[in-house]
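Undergrad: Sharing a structure below in structure tokens format, with a few things to ask.
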Amino acid sequence: MKLFHLCQIVSCAVLASCTSSTPESTFIDDLMSRMSLEEKIGQLNLPTGGDLQSGTVFGPELDSLILKGRIGGFFNVKGVKEISRLQHLAVEKGSHGIPLLVGADVIHGYETVFPIPLAMSCTWDTTAVERMASISATEATADGVNWNFSPMVDICRDPRWGRIAEGSGEDPYLGAKMGSAYVRGYQGENLKADSTLLACVKHFALYGAAEGGRDYREADMSDITMYNYYLPPFKAAIDAGCATLMTSFNLINGTHATADGKLINGLLRKDWGFDGLVVSDYNSFPEIATMGTSTMDEAATLALKAGTDMDMVSGLFLGNLKEAVEKGLVSEKLIDKACRRVLVAKQQLGLFDNPYVYCNPRRAETDIFTDAHRHAARGIAAETFVLLKNDNNILPLKKRGKIAVIGPLADTPANMVGCWSMHAQTDRYGSLLDAIKKAVGDDAHVLYSQGCNIYDDETMQRNATGSRPIPFIHDTRQLEREALQAAGQADIIVAAMGESSDMSGESASRADISIPSPQRRLLEKLKETGKPVVLLLFTGRPLVLDWESRNLDAILNVWFGGSEAGDAIADVIFGDKIPQGKLTTSFPLHQGQIPIHYNHLQTSHPDPQPGVFNRYCSNYIDVDNETLYPFGYGLSYTTFEYGKPEISSPTLEKGGTLTLSVEVRNTGEYDGIEIVQLYIRDPVAKIARPVKELKDYARVFLRKGETGTVRFILTEEKLKYYNADLEYGYDPGEFLVMIGPDSRNLQTLSFQAK
Ligand code: BGC
């Protein structure tokens, strides 16, 4: 029998600010004493250096800003050669030779692309996330980047929002674990090393609570909800030493997040003690005005006064700040503070000692898209897949007979990588179809048909596949005929369907989050053949899968698994690897249930019974309240049985600990990993607390037939929350503690906290 002891991850030291008198701060004092007001304002300017989609670099404009000292850094330029040229220009010909920050959105990998962050979170594996972030940092720095606009830690309860793909789901505890793992991976032990870069936690704050899931919409929220559910991942990233932070571009209770002094100067800087660089999101400054919270003239000073240091793209600091100082609207001291933070960030990277630390063209040849990185990405991708259904153990498939691979997402490498993968080299890796053919070799015969379009409407298909085109086929009857012919000859049908890459991510909200109709229709036809149908679901968000869950034999949610997704999927469907991911976001049964999250509050009326409509319960007339697949859910090829959990004492003394233990037995036919989850409920508190909240978990490997005991240590820290006065603490009394394989299947014990 195995014993798993769980220890808490100790966050790495918070990066020290350099405002006290150290050789570093003296260096910056001296430098700033020689800078003009215009040059200091220049450091606060972060223009886009180009357009990654088209590969354009705004060369002459950038050169001139650099030479005049009107720029602190840039982003959106790919390639160490050009970046190096710009850095040389700044250091050798720019005013005071101040090196540049070079930013990029390396959200889930660079040229080696890893699964989207939502998928990464379904591993519940912080080591994997850290490894992925560290490889991303190695590749990005090898190409000249020194500042990464990641991690995105926005909690999201509304899967219509496309950017749910970029975060770690709906839970603050898991979100916090993931957020700090990204930071550790990007920044490493030593930020001055040539393979680490500045992390930037974003989007501060509440971007994920955009009303109706419509991107860029306002969030209207109580402080209690914000502090208890939306802020913990930010706090965790800061505590892990995240060097920089990005504000968001939404309104929070009527104030633009980028001009929200209570949030930035108050909470972030004063309460949390964060003295790092705060950058706005893309063009946020003028949006403070367009969203009706200032005139265009005031926007920049409002943002600066609120605590935002750097202006991404708009140029308003450059245009307005000098005049604002002259008119007495803003003090030069504030500009000094912001400028210092930019310079400190450069110092933390070691750029003043060696401005060319990230400008080594040899590294670009040896450290990017390496076999080792691709191997890691393949292994990690396999960990992210969530097996939602597997009737009669149809998966894993045998490598024999005839396999029909059908669907518009089967043979499009560009659409396996997901949103924010603009550094991907889509011609350097194969498709899912290629991987399946390679995996079976001569042992099985693979038939293929695209089968249908993504959408019925050509314009919608174009919207859905903008940067990763999938040609729209007009002769849909012929497409369907081919698919049914392939299906007719096959022993098993593997359908690769769902969303294309561009259907999630920024500005990719969907009102209807089911599988688009031509794909669903084809699934119905495939089902009619009577052959077993396995759905490989590509998606950047939870989808409504009611029909699919009732009619298909198996559903493996493969998200967007990155450049190595094809091989990783083949590994899992043929049983070389075992699925082990568990959902970090609820899959609704019906769109009308949205917003949806497992950690909701109790209603005034009794809980409705699934499948029974009860008048005067908080239930829908037409649909159950229950999710289709709950938070924490995921199957394996093997099965696990839980024993009766035990608690070391009925009382948690002040400052003491309790041990919760449960035996878990692998009762199936494969070795496998189980994610054992622990939830807590406080039935009586000063304010209503959720019906359950994740507070710990363990990933345990058990060989077939093996039993292990999982132990969780409970401390009063796990019971704390922010009350109506925003005091952080807990209320002594009874607590329920629940253990199980997902948020729905739990065994409950109770204890008293003193
Ligand atoms: C996004 C940010 C991103 C920035 C720079 C914005 O549109 O909201 O997440 O970092 O662009 O590309």
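Undergrad: If we sort 63-72, 540-549 on the protection proxy, mean other Cβ atoms within 10 Å, highest first, what's the order?
TA: 540-549, 63-72
Undergrad: A follow-up question, please. Where does the charge balance sit around V544 when Lys and Arg score +1, Asp and Glu -1, over other residues with C-beta under 15 Å from its C-beta?
TA: That works out to -2.
Undergrad: In addition: Within the range 475-556, what whole-number % of the accessible surface is contributed by carbon and sulfur, with the 1.4 Å probe and all protein chains included in the calculation?
TA: 40 percent
Undergrad: Considering Cα pairs under 8 angstrom that are at least six residues apart, work out the relative contact order of the range 627-754 and quote it in whole percent.
TA: 31 percent
Undergrad: Follow-up. Taking a probe of 1.4 Å, how large is the accessible area per residue of the range 312-424, in Å²?
TA: Spelled out: the 1.4 Å probe surface of the range 312-424, per residue, equals 39 Å².
Undergrad: So how many Å³ per residue does the convex hull of the Cα atoms of the range 445-557 work out to?
TA: Residue-normalised Cα hull volume stands at 101 Å³.
Undergrad: Let's test the formula: R0 of 41 Å, r as the Cβ-Cβ distance of T26 and A688. What FRET efficiency results, to the nearest 0.05?
TA: With R0 = 41 Å, the Cβ-Cβ based efficiency is 0.20.
Undergrad: So with the 1.4 Å probe, I'd like the accessible area per residue for the range 575-635, rounded to whole Å².
TA: I get 50 Å² per residue for this part.
Undergrad: Over the chain, calculate the relative contact order: mean separation of alpha carbon pairs under 8 Å at least 6 apart, over the residue count, as a percent.
TA: Value for the chain: 14 percent.
Undergrad: With r defined as the distance between the Cβ atoms of D491 and S517 and R0 fixed at 35 Å, what FRET efficiency is calculated, to the nearest 0.05?
TA: 0.80
Undergrad: Sort 471-477, 87-93, 390-396 for me by packing, meaning the mean count of neighbouring Cβ atoms within 10 Å per residue, highest on top.
TA: My ranking of the peptides, most packed first, is 87-93, 390-396, 471-477.
Undergrad: Taking 0.36 nm per residue of sequence separation and subtracting the Cα-Cα distance, how much length would be gained by fully extending the chain between E365 and D456, in nm to one decimal?
TA: Taking E365 through D456 to full extension adds about 28.4 nm, to one decimal.
Undergrad: Might you tell me the accessible area per residue for the range 148-305, computed with a 1.4 Å probe and given in Å²?
TA: Each residue of the range 148-305 exposes 27 Å² on average to a 1.4 Å probe.
Undergrad: Another one. Between E482 and T127, what length comes free when the chain is fully extended (0.36 nm per residue of separation minus the Cα-Cα distance, one decimal in nm)?
TA: 123.4 nm
Undergrad: Give me the distance in nm between label points sitting 7 Å out from Cα along the Cα-to-Cβ direction at D607 and H590, one decimal.
TA: It works out to 2.1 nm between the two label points.
Undergrad: Moving on. Taking the inverse of the average 1/r across all pairs of different Cα atoms in the range 284-420, what Kirkwood radius in Å do you get?
TA: Computed over Cα pairs of the range 284-420, the Kirkwood hydrodynamic radius comes out at 21.2 Å.
Undergrad: How large is log10 of I(q)/I(0) for the chain at q = 0.05 Å⁻¹ when the intensity is taken from the Debye formula with one equal scatterer per alpha-carbon?
TA: -0.25
Undergrad: Short version: what are the Cα gyration tensor semi-axes of the range 541-663, square root of 5 times each eigenvalue, largest first, in whole Å?
TA: Each semi-axis is √(5λ); the values are 31, 27, 14 Å.
Undergrad: Within the range 680-739, what whole-number % of the accessible surface is contributed by carbon and sulfur, with the 1.4 Å probe and all protein chains included in the calculation?
TA: About 48 percent, which is the carbon plus sulfur part of the accessible surface.
Undergrad: Hey, can you rank 617-623, 99-105 by average C-beta count inside 10 Å, highest first?
TA: 99-105, 617-623
Undergrad: On the first, second and third principal axes, largest extent first, how far apart are the outermost C-alpha atoms of the range 395-465 in Å?
TA: 40, 30, 20
Undergrad: Distance from a point 7 Å along Cα→Cβ of E641 to each backbone N in the range 657-680: keep the residues under 13 Å and list them by number.
TA: Residues passing the 13 Å test: 663-669.
Undergrad: Moving on to the next point. How many lysine pairs does the range 369-466 hold where the Cα atoms are under 17 Å apart and the two sit 8 or more places apart or on different chains?
TA: 6
Undergrad: So how far apart, in nm, are the two label points at S64 and N463 if each is 7 Å from Cα heading toward Cβ?
TA: 3.8 nm
Undergrad: While we're on this one: What angle do you read, to the nearest 10 degrees and between 0 and 90, between the alpha-carbon axis of helix 476-489 and the longest principal axis of the chain?
TA: The angle comes out near 50 degrees.
The values are calculated or read from the model by the stated rules, or taken from the named source; none is laboratory data. Source: prediction; values computed, not measured. Neighbour counts are summed over all protein chains in view; Cβ atoms, including those assigned to glycine, are modelled from backbone coordinates with ideal geometry. Accessible surface areas use protein heavy atoms only, side chains included; no ligands, DNA or RNA. Shrake-Rupley method; radii C 1.70, N 1.55, O 1.52, S 1.80 Å.
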